[in-house]
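A short write-up of the structure that comes next.
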């Protein structure tokens, strides 16, 4: 993939840094050519504009795309889509494995087409960080880390063998092995460069670092001035293979920060306040960009904490411009000095630099926060935007308790219940999990040092967590351990039960591991509303642990404090945390550190050498990783037919160099008739696997014990498991089988009621194509690749509904599935559809963007009805993807053709 476009606007310029020349595409020069001034264009949009200038080719990227940013400046809004290619891709292992599976399958596919397997590689840099597989199976023990790592490798051996092969087989693809940290923190501390460079034909180009990630919290890197956000797997694969992704030029909400945080207030309190404000404002699908003099007082770590929570406040990203604080962090975290100088000079040349003299950008709308007004807070019990002022947390829990317990009368919070084989009892509101976890806060040394100081003071006074509390510390990188050890704080955390349990996403994604059987039994037997307190970013119902109904997000020092108090039913700001060694009550104020104490330890314990040392060999991994035996010399993967984790998907079976003619769809049956707001959570396989479900039956048939089923997330590399879990959500409602919840449908004409997967396979055996009918906002929610992949593998040829979520519509096209919309106010209801019809879709012989197609409905009584549908294959590129059978097929044929031409 060549970076250089045709440069119609003549914006290419040269920048010399430390004696080296860098070519770049100048935003100020584009402004002159277009007769405008982009100085006050939000910096986040300047990154999109530069992307257009760099790739402008007259086809996918045009001068009119650049002109659209002038229109945005005039109206602070645009209805125009522009293409975007990120500089690189970031993956975690749950979402990354299926992408690498597709690459491996493409190598097999290109061999079948007579091409060279080595031609199949990512065309932009890809980093995959293995961080989602470690679980807190063991905690509160000195060797918890070693035990959890051993279990992790045993549990995920097949997946790790596959990724170990991919690490050596693919160019432009790096794997960060288990144990290095959380992908977003590794990205912030090491992978991100702020200004990216690439050499082509002997010339080096500089351009803004930008990132797509297959995890929603990719947005953390926006704190560093790197534009990035989470996407679904198909979008990531398309970008990875050099394809531009069209996106609306977003509205940008300016968030002005003023003042300075008060004593005793943490970055976590700040981000929970920001999240609440932005959720109330309504920023879904928009960029948020922070500005104002408050940035001068905001450390990079705090900015990253705010950027991280963009999915929680609903924005695409929360962006911070590059300034002197950015450079300070780059230097601290071990980036090379010549890179830091390039970042400064390039940012200033492009108008991407912020300082006290920078004029405020033009924004679609603004809101403002005085940092001095932020107060200590929690968020919960179910949503990250539900902020609770700390001294009202106990009262808030009491108010929420009836709903949490599913009763109309509030349960008695003073009543205690027995716990078998334990010297303690249990009650409503007891904290059973206290976890310092997740990318959000473990990237911030100020809150982690604060947690260590709370532990130190508590330990000195003889306090311990309550015996029913499961405590854990999962740092986001090994650098955290280094500075906690240097300060002596890890010993204090160890002393009160916060031993390190692993380096990766744990409690925040539901990898909290088990609580004791006795406590779980007491919770279930007495229908208790148990509580978790975690330093994470998500606390949705059922996410953290199946036995915990109330979950609160909190700063790491508050996690430690709540482990000591052991309950949410008392006001932690005034209640005794326990008796000290002297027999006196100890209160939160007695163990809470001052900001001066925190700053002193951060300054003395954290340095550049730590980052350079820890990341010098980050891609090599531990001995356990290096001991994994794979055929690293093979250009194609040797699939193990017995694996239940990784299988070769059938996307390219029977594929030829010339795509088959895609005519109309005739005699299709309805697999499901669905209502409004069907989300990708309804469609995608997620969570635990039931033994009675088709996926559970498959695993049982393959001699997998139920205890070893793991989750759909861990098995995303096996299409046999994932297609069985598509549309299998326990809450999905198929109108073809009224009164039944779950992934059930009716096979026709037999009338047999069965799981959707079983019906799809029966139709496949009968040679019958399938369609799905839906309502408004089909495919909303997080963009997930398997919502489209699973739909395709079930044999669905078209999805017909009233409206689509943008990304899911694109993903369906990417898998060769037609997204179609009713027209003229028609719906499945107004057409009287029952799901028992057969349908034809005519007019596909010469498909064009957004053309009309004819839907022919054949009713069971023999009557026929015709109506018009809008084909939501929106662009010329998408037409080609559909014609070829999907984006992977399109790219694979292109790679095979290039190989043949070279030969």
Original post:
Within the stretch 573-592, restricting attention to residues that are buried (at least 20 other Cβ atoms within 10 Å of the Cβ) and touching a helix residue (DSSP H, G or I) at 6+ places or on another chain (Cβ under 7 Å), which residue is farthest from residue 328 (Cα to Cα)?
Top reply: 577
Original post:
Name the residues in the stretch 49-64 that are assigned to a helix (DSSP H, G or I) and in contact (Cβ under 8 Å) with a residue 40 or more places away in the chain, would you?
Top reply: 50, 51, 53, 54, 55, 63
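Filtering the stretch 666-681 down to residues that are farther than 19 Å from residue 805 by Cβ and either buried (at least 18 other Cβ atoms within 10 Å of the Cβ) or not assigned by TED's automatic domain parsing to the domain that holds residue 750 (or both), which residue is nearest to the chain's Cα centre (by Cα)?
Kept after step one, since they are farther than 19 Å from residue 805 by Cβ, are these residues of the stretch 666-681: 666-671.
If we keep only those that are either buried (at least 18 other Cβ atoms within 10 Å of the Cβ) or not assigned by TED's automatic domain parsing to the domain that holds residue 750 (or both) too, we end up with 668-671.
On the way: 668: 35, 669: 35, 670: 32, 671: 30 Å.
If we take residues in the stretch 666-681 being farther than 19 Å from residue 805 by Cβ and either buried (at least 18 other Cβ atoms within 10 Å of the Cβ) or not assigned by TED's automatic domain parsing to the domain that holds residue 750 (or both), then 671 is nearest to the chain's Cα centre (by Cα).
Just for the stretch 649-660: of the residues that are under 27 Å from the mean Cα position of the chain (by Cα) and crowded, with 20+ Cβ neighbours inside 10 Å, which one is farthest from residue 897 (Cα to Cα)?
Narrowing the stretch 649-660 to residues under 27 Å from the mean Cα position of the chain (by Cα): 649-651.
Adding the requirement that they be crowded, with 20+ Cβ neighbours inside 10 Å leaves 649, 651.
Working: 649: 22, 651: 19 Å.
Only one residue fits best here, namely 649.
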Original post:
Of the numbered conditions (1) in a helix (DSSP H, G or I); (2) farther than 19 Å from residue 650 by Cα, residue 100 satisfies every one except a single condition; which is it?
Top reply: (2)
Original post:
(1) over 17 Å from residue 85 (Cβ atoms); (2) part of a strand (DSSP E or B); (3) in contact with a strand residue (DSSP E or B) (Cβ under 6 Å, 6 or more places away or on another chain): which one isn't true of residue 229, the others all being true?
Top reply: (1)
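It is to be established whether one or more residues within the stretch 609-616 are closer than 24 Å to residue 721 by Cα and either surrounded by 13 or more Cβ atoms within 10 Å (Cβ to Cβ) or touching a helix residue (DSSP H, G or I) at 6+ places or on another chain (Cβ under 7 Å) (or both).
no
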**OP:** Being in contact with a helix residue (DSSP H, G or I) (Cβ under 8 Å, 6 or more places away or on another chain) and not in a loop (DSSP other than H, G, I, E, B) is the filter here, so list the residues in the stretch 113-149 that pass it.
**Re:** 117, 119, 126, 127, 128, 129, 149
Subject >> Subset of the stretch 366-395 that is surrounded by fewer than 18 Cβ atoms within 10 Å (Cβ to Cβ) and more than 29 Å from the chain's Cα centre (by Cα) - its residue that is farthest from residue 294 (Cα to Cα) >> reply: 395
**OP:** Could you please let me know if residue 724 is part of a helix (DSSP H, G or I) and buried (at least 16 other Cβ atoms within 10 Å of the Cβ)?
**Re:** yes
**OP:** Quick one: residue 541 ticks every box in (1) touching a helix residue (DSSP H, G or I) at 6+ places or on another chain (Cβ under 8 Å); (2) closer than 24 Å to residue 396 by Cβ except a single one, so which number is it?
**Re:** (1)
Original post:
Among the residues of the stretch 783-806 satisfying the criterion of being within 19 Å of the chain's Cα centre (by Cα) and surrounded by fewer than 24 Cβ atoms within 10 Å (Cβ to Cβ), which is nearest to residue 248 (Cα to Cα)?
Top reply: 806
Original post:
Which one of these is over 30 Å from residue 828 (Cα atoms), in a loop (DSSP other than H, G, I, E, B) and in contact with a strand residue (DSSP E or B) (Cβ under 8 Å, 6 or more places away or on another chain): 618, 646, 630?
Top reply: 618
Original post:
For the stretch 730-781, what are the residues that are under 29 Å from the mean Cα position of the chain (by Cα), crowded, with 20+ Cβ neighbours inside 10 Å and in a loop (DSSP other than H, G, I, E, B)?
Top reply: 732, 734, 743, 774, 779
Subject >> Subset of the stretch 333-365 (residues that are under 27 Å from the mean Cα position of the chain (by Cα) and surrounded by fewer than 17 Cβ atoms within 10 Å (Cβ to Cβ)) >> reply: 365
Subject >> Subset of the stretch 239-275 that is surrounded by fewer than 20 Cβ atoms within 10 Å (Cβ to Cβ), modelled with pLDDT of 95 or more and in a strand (DSSP E or B) - its residue that is nearest to the chain's Cα centre (by Cα) >> reply: 256
Original post:
What number of residues within the stretch 294-308 satisfy the criterion of being in contact with a strand residue (DSSP E or B) (Cβ under 7 Å, 6 or more places away or on another chain) and either over 16 Å from residue 42 (Cα atoms) or buried (at least 24 other Cβ atoms within 10 Å of the Cβ) (or both)?
Top reply: 4
**OP:** Kindly list the number of the only condition in (1) within 30 Å of residue 313 (Cα to Cα); (2) at pLDDT 95 or above that fails for residue 537.
**Re:** (2)
Original post:
Between residues in the stretch 456-468 that are under 17 Å from residue 419 (Cα atoms) and residues that are surrounded by fewer than 18 Cβ atoms within 10 Å (Cβ to Cβ), which pairs lie under 6 Å by C-beta distance while being six or more apart or on different chains?
Top reply: 467/424; 468/424
Original post:
Does the stretch 1-35 hold any residues that are more than 21 Å from residue 58 (Cβ to Cβ) and either in a loop (DSSP other than H, G, I, E, B) or modelled with pLDDT under 95 (or both), and which are they?
Top reply: 18, 19
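Condition check ((1) touching a strand residue (DSSP E or B) at 6+ places or on another chain (Cβ under 9 Å); (2) in a helix (DSSP H, G or I)) across all residues:
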| site | (1), (2) |
| --- | --- |
| 39 | no, no |
| 47 | yes, yes |
| 69 | yes, yes |
| 74 | no, yes |
| 83 | yes, no |
Subject >> Of all residues making up the stretch 877-898, the number that are out of contact with any helix residue (DSSP H, G or I) (no Cβ under 8 Å at 6 or more places or on another chain) and outside any helix (DSSP H, G or I) >> reply: 1
**OP:** Could you list, in sequence order, all residues of the stretch 793-807 that are modelled with pLDDT under 95 and assigned to a helix (DSSP H, G or I)?
**Re:** 806, 807
**OP:** Looking only at the stretch 165-182, decide whether some residue is surrounded by 23 or more Cβ atoms within 10 Å (Cβ to Cβ) and closer than 24 Å to residue 321 by Cα.
**Re:** yes
Original post:
Of all the residues that make up the stretch 808-858, how many are assigned to a strand (DSSP E or B) and in contact (Cβ under 8 Å) with a residue 40 or more places away in the chain?
Top reply: 11
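The values are calculated or read from the model by the stated rules, or taken from the named source; none is laboratory data. The model shown is predicted, which means the values in this text are computed figures rather than measured ones. So basically every Cβ, Gly included, is an ideal-geometry build from the backbone, and we count neighbours across all protein chains shown.
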